[in-house]
Each structure stands twice: as C-alpha cells, then as structure tokens.
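Remarks on the structure that follows.
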Amino acid sequence: MGKVVLGGAAMTPTLVGRWQTRLLLMGTVGVVVTLLMGWIFSDFRTPLALLFYVLILGFAWDTLYHLLQGFRWDGDWPPLFQVVGCLAEGLLIWLLVTGGVFREGLPGISPYMSFARFAVHYGLVWAVVLAFTQGLLKVIFPRWRFRGGQWL
C-alpha cells in the first residue's frame, strides 16, 4: 500500500525504521525504566532479561504490525491500535514467561515473578516508549518521522 509522502520522505514508519526506533528506545529509556524496576524489586537480572525478550519479540511483532498496517488506507494505525498491540504483545510475553508456551519459561526470568511485577514493569516501559514516540521524539528529532522512523 502507499505511504504518506511529504517532500519525497516517508511519514509512515518503514519496517527498518520501526526496528531502529525500537532498538533506540529500548536501549535508552527502556533500560532506565528497567534499572529503576530492578532497584525497586532488588532484582536486576529478571527485569533486564524481560526487556531483552520484549526487544527481540518486538522485532517479530513489528514485522507483523507493519504487514497489517499496509491494509489501512493511510498505511498507519492510530495510537489506540498501538495499545491493542501492546496488550497482545504483553499477553504473549507473559505466556512465554510463565511457561504457558515453553514448559520451563524463559531463561533469565525468575520463576517467582508475579503478574503484578510483570505488569508494572512491562506497562511502565511501554507507556514511556509510547510517550516518547508520540511526542518527545517528534520535538527532539523533527526529521525522525520524515525518514520513516529510521535513524541510520
């Protein structure tokens, strides 16, 4: 499907742009939030491992998200659809963490992690990343969206 074009630049994120933005945000604000959660819960290993799985699974999720958004007339989804995507991604990760998919769960994740801790950590990382993509990135890096979300 077509992309919104302004001055020859893609306003809708490209797949590579989505991956680069995810890597940048998870590697900066995601790590800061995760370290805060590690400090609060006195366990740095589990939140860092969880952030790693969110990053890796997110690359696959972004691929699916990118393919699905191609069916929309403008080639992009509103933030409400991003919230639905967040919930689906969070559910899948929770199933992976608890052993709902793999019998032993995921390496590096404490088997005693509660859903509340997972939800607080995942939800906070996701909310901060959404806030950055919907506002602050556009202010700090105004050309980011004109490059289809690509940094390199």
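The values are calculated or read from the model by the stated rules, or taken from the named source; none is laboratory data. What you are looking at is a predicted structure, and each value in this text was computed from that prediction instead of being measured. Here the Cβ positions follow ideal geometry from the backbone for every residue, glycine too, while neighbour counts run over all protein chains shown.
Just checking, does segment 98-105 include any residue being modelled with pLDDT of 85 or more and closer than 26 Å to ARG45 by Cβ?
Here is the first cut: in segment 98-105, the residues modelled with pLDDT of 85 or more are none.
Taking every residue of segment 98-105 in turn, none turns out to be modelled with pLDDT of 85 or more and closer than 26 Å to ARG45 by Cβ.
Starting from segment 58-71, take each residue that is among the aromatic types (Phe, Trp, Tyr) and list its partners that are at pLDDT 85 or above and surrounded by fewer than 12 Cβ atoms within 10 Å (Cβ to Cβ), counting only C-beta distances under 7 angstrom and pairs at least six apart or across chains.
Matching pairs, first to second residue: none at all.
Within segment 80-92, identify whether any single residue is acidic (Asp, Glu), modelled with pLDDT under 95 and under 18 Å from LEU124 (Cα atoms), and answer yes or no.
yes
Among the candidates LEU35, LEU57, single out the residue that is part of a helix (DSSP H, G or I) and at pLDDT 95 or above.
Testing whether each residue is part of a helix (DSSP H, G or I) and at pLDDT 95 or above leaves just LEU35.
Conditions first: (1) of a type in the set (A, V, I, L, M, F, W, C); (2) under 21 Å from LYS138 (Cα atoms); (3) over 9 Å from the mean Cα position of the chain (by Cα). ALA60 passes all but one, so which condition is the exception?
(2)
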